[in-house]
Amino acid sequence: MKRTLFVVVSLLLAVVALSACGGSGQKGSTPAAAAGLPADALAIATQRGLTPDDVSAALKTYLPSGKHDDYYLFMSGGHSGNVIVAGVPSMRILKNIAVFTPESWQGYGVGETDTERILDAGNVDGVKIRTGDTHHPALSETNGDYDGQFLFINDKANARVAVIDLRDFETKQIVKDPNIISNHGSTFVTPNTDYVVQGTQYATPLGWAYAPLSEYKEKYRGLITLWKFDRTKGRIIPEESFSIEVPPYWQDLCDAGKLASDGWGFCNSFNTEMAVGGNMQGQPNFEAGVSQRDMDYLHIFNWKKAEEVVKAGKTETINGMKVIRIPTAVEEGVLFFAPEPKSPHGADVTPDGKYIVVAGKLDPHVTIYSFDKIQKAIAAKNWTTDEFGVPVLNYDDVKLAQVELGLGPLHTQFDDKGFAYTSLFLDSALAKWKLGGDDPNAYQLVEKIPVQYNIGHISAAEGDTVSPDGNYLVALNKWAVDRFLPVGPLLPQNEQLIDISGGPMKVLYDMPMGVGEPHYAQMIKADKIKPWDIYPQVGWDPATQAPSKYATKLGEEKIVRDGSNVEVFMTSVRSHLTPDRVELKKGDHVKWHITNVETAKDATHGFQLGGQGVSLSIEPGETVSFEFDAAHDGTYAFYCTEFCSALHLEMMGYVTVEP
Ligand code: CUK
Ligand code: CUA
């Protein structure tokens, strides 16, 4: 025990001395600076039973009040359908971004508003979809590096993709793929964000039309969709997007090529068996049916070539989307397969773009493919074909190396020192291994550390760009088991911060995630994101990122009646809403616009109108609109929901609806 305390003290002294060296130097740089350390620090460490490792982890992650984190971490919120933003290394949650599910605090999709219309764009056959399952956030990139402008995220359950503008951290657009019902290899961007890539997960007939499962091979298909992104508009342009038809192999994760492999993309698949279930009809469960073959197919596609094929008009338009059919994709050299070991999950391109790392859930190895070898095999036309006529390259021609890491390898990230990191789901561990360039023997396992527990994705600082930082890695663990205070049978997930800056890897912090579950996350340097403090001018419409035609200035508030159509132009400022009386008649249709005329940072006003299911958040400068029918006569109160001032409770008004 004495020895432990001694080590703790030495550690604290060393850290204080170090920070003094790195600081202004005013306080000197000798261990004497340790005199500044509170005398009770040792007592605290002792009393709380902290080990030297605990103390060093605490010092590495603690942020004093007012200090900011080094990185933003954008996590998918899984089946809560949103995105969660945290800071690294503190792991403090900064924001939830409502995406596929309505959210009252942000006034997102609650009441008939512009954000409701964003959600409506993702409806399926007229069914209002207000659930989501977000998996893979993708930051926009310029030359293969995060540029901090936009974030994309998929909804696996309904094959949708959303666009989030990082100037105001708000969802701007949801697009629905008209031909598939679920996606997964999504979202991943091409190196200049020309396209947002989306791969199908569970095959259906295109347009999810009816076909019995007995016709699976004939009628069911997957797609690789390339959503065209217009950076100036900040929108996906469906008319300029297209899909490549692929066999019903259940495409899994995808990644876009970069640098050496720019112009290409890669997707795993895991049901080349084309199993169709039927466990009540004497057939094996899907889990068994899908795992029969030793090899599945890595899908290798040339999206630049596909773009030319689309321009040449060699597509079929299916439900409004241009689709390159399989025979055309084959003929034009757009699509190739390479065998990959049993039921792979992650496909990750190395920072130089020269290699593709594939991890198989049922194989203890990661398999490294060489892009150069793939190109040579394609040029040599050395292939067989699958049942759909797609060229299958020879495994030994394209495989460069394999590294045995452990059980259940899933996802891989990279650092700046030539190492790769792979999550091991079944081992509940993180493996660090060495990349070996073109030398297959140079690929080696370096180190493994346990995580708590059932690790899925990992996210290293800028770890999937052309220039990873090699600083931090977050393990997105599915299970927390014993890590946190018990909260009933539904436990949080555990996001563990791991130090990968050099030397042995170390777990620094356990972050309970009370919603979720996060699948993938991306971590970007904080200074790359330049969010607005307030909207650029008073009367701003975040839906168009332009001045709103409903902007209302102080003193110009009004209520306009035209028959039974009533339009309200309201302002909000601390601590009143003007007008504060809205007199309606039963049966009126009301359009209501509120402009928050504040220009002070953080001076947001909320708005709820009792009995109408409306919730708004009106940030400084913003103009928000909503509509409703005054279907019942009565007296209702509206008020500001943000405690914005001492007289916030008085920031209210009445709606009277005359019979
Ligand atoms: S998936 Cu969840 S752990 Cu959707 Cu990327 Cu692998
Ligand atoms: Cu505005 Cu409370």
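The values are calculated or read from the model by the stated rules, or taken from the named source; none is laboratory data. These numbers come from a predicted model, not from an experiment. Positions of Cβ are backbone-derived with ideal geometry, glycine not excepted, and every protein chain shown enters the neighbour counts. We work out accessible area using only protein heavy atoms, side chains counted, and drop any ligands, DNA or RNA first. Shrake-Rupley method; radii C 1.70, N 1.55, O 1.52, S 1.80 Å.
Quick notes on this one:
- Failed criterion for THR544 (all others in (1) without any contact (Cβ under 8 Å) to a residue 60 or more places away in the chain; (2) not assigned by TED's automatic domain parsing to the domain that holds GLY621 hold): (2)
- The set of residues from region 232-291 being open to solvent by less than 10 Å² (accessible area, probe 1.4 Å) and either part of a helix (DSSP H, G or I) or aromatic (Phe, Trp, Tyr) (or both) comprises PHE242, TYR249, SER261, PHE266, GLY289.
- The set of residues in region 235-293 that are among the hydrophobic types (A, V, I, L, M, F, W, C) and under 23 Å from ASN319 (Cα atoms) comprises ILE236, ILE237, PHE242, ILE244, VAL246, TRP250.
- Candidates GLY111, GLY49, GLY107, GLY78, filtered to the one that is in contact with a His (Cβ under 9 Å, 6 or more places away or on another chain) and over 20 Å from ASP499 (Cα atoms): GLY78
- Matching entry among GLN545, GLN537 (being out of contact with any Ser or Thr (no Cβ under 6 Å at 6 or more places or on another chain) and closer than 24 Å to THR101 by Cβ): GLN545
- Single unsatisfied condition, TYR520 versus (1) surrounded by fewer than 19 Cβ atoms within 10 Å (Cβ to Cβ); (2) under 26 Å from GLY81 (Cβ atoms): (1)
- The residue of region 130-148 that is surrounded by the most Cβ atoms within 10 Å (Cβ to Cβ), among those that are among the charged types (D, E, K, R) and away from ligand 1 (no atom under 16 Å from the Cβ), is GLU141.
- Looking across region 61-120 at every residue that is assigned to a helix (DSSP H, G or I) and in contact with a strand residue (DSSP E or B) (Cβ under 6 Å, 6 or more places away or on another chain), the one that is surrounded by the fewest Cβ atoms within 10 Å (Cβ to Cβ) is identified as THR61.
- Verdict on VAL566 being farther than 22 Å from VAL163 by Cβ, β-branched (Val, Ile, Thr) and assigned by TED's automatic domain parsing to the domain that holds LYS432: no
- Residue list for region 146-184, filter: among the basic types (Lys, Arg) and in contact (Cβ under 8 Å) with a residue 60 or more places away in the chain: ARG160, ARG167, LYS172
- Matching residues, region 450-492, being surrounded by fewer than 23 Cβ atoms within 10 Å (Cβ to Cβ) and part of a strand (DSSP E or B): PRO450, GLY456
- Test: residue in region 154-162 that is away from ligand 2 (no atom under 16 Å from the Cβ), at positive phi and out of contact with any Lys or Arg (no Cβ under 6 Å at 6 or more places or on another chain): yes
- Residue pairs meeting the criteria (Cβ under 8 Å; at least 6 apart or on separate chains; first open to solvent by 30 Å² or more (accessible area, probe 1.4 Å), in region 630-650; second more than 9 Å from ligand 2 (Cβ to nearest atom) and among the aromatic types (Phe, Trp, Tyr)): THR635/TYR654; TYR636/TYR654; ALA637/TYR654
- Any hit, region 538-558, residues being more than 37 Å from the chain's Cα centre (by Cα), surrounded by 16 or more Cβ atoms within 10 Å (Cβ to Cβ) and more than 16 Å from ligand 2 (Cβ to nearest atom): no
- Of the residues making up region 217-225, at least one is under 24 Å from ARG160 (Cβ atoms), out of contact with any Cys (no Cβ under 7 Å at 6 or more places or on another chain), polar (S, T, N, Q) and assigned to a strand (DSSP E or B).
- SER501 meets each of the listed conditions (1) small (Gly, Ala, Ser); (2) open to solvent by 50 Å² or more (accessible area, probe 1.4 Å); (3) within 16 Å of ligand 1 (Cβ to nearest atom) apart from (3).
- Looking only at region 411-427, and only at residues there that are crowded, with 21+ Cβ neighbours inside 10 Å and either among the small types (Gly, Ala, Ser) or not assigned by TED's automatic domain parsing to the domain that holds ASP464 (or both), the one that is farthest from GLY144 (Cα to Cα): SER423
- Strands (runs of 3 or more DSSP E) contained entirely in region 293-396, each with at least 1 residues that are under 30 Å from LEU435 (Cα atoms): 295-302, 335-341, 344-349, 355-360, 365-370, 383-385, 391-393
- Residues of region 309-341 classified as of a type in the set (Asp, Glu) and either touching a residue at least 24 places away in the same chain (Cβ under 8 Å) or on the phi > 0 side of the Ramachandran plot (or both), total: 2
- If the condition is being more than 37 Å from the chain's Cα centre (by Cα), open to solvent by 60 Å² or more (accessible area, probe 1.4 Å) and either among the basic types (Lys, Arg) or within 12 Å of ligand 2 (Cβ to nearest atom) (or both), then region 563-582 contributes HIS576, ARG581.
- Selection from region 342-362 of residues that are crowded, with 22+ Cβ neighbours inside 10 Å and either free of Cβ contacts under 8 Å to residues at least 60 places away in the same chain or within 16 Å of ligand 2 (Cβ to nearest atom) (or both): GLY360
- Residue count, region 428-449 (criterion: among the aliphatic types (A, V, I, L, M) and open to solvent by 10 Å² or more (accessible area, probe 1.4 Å)): 5
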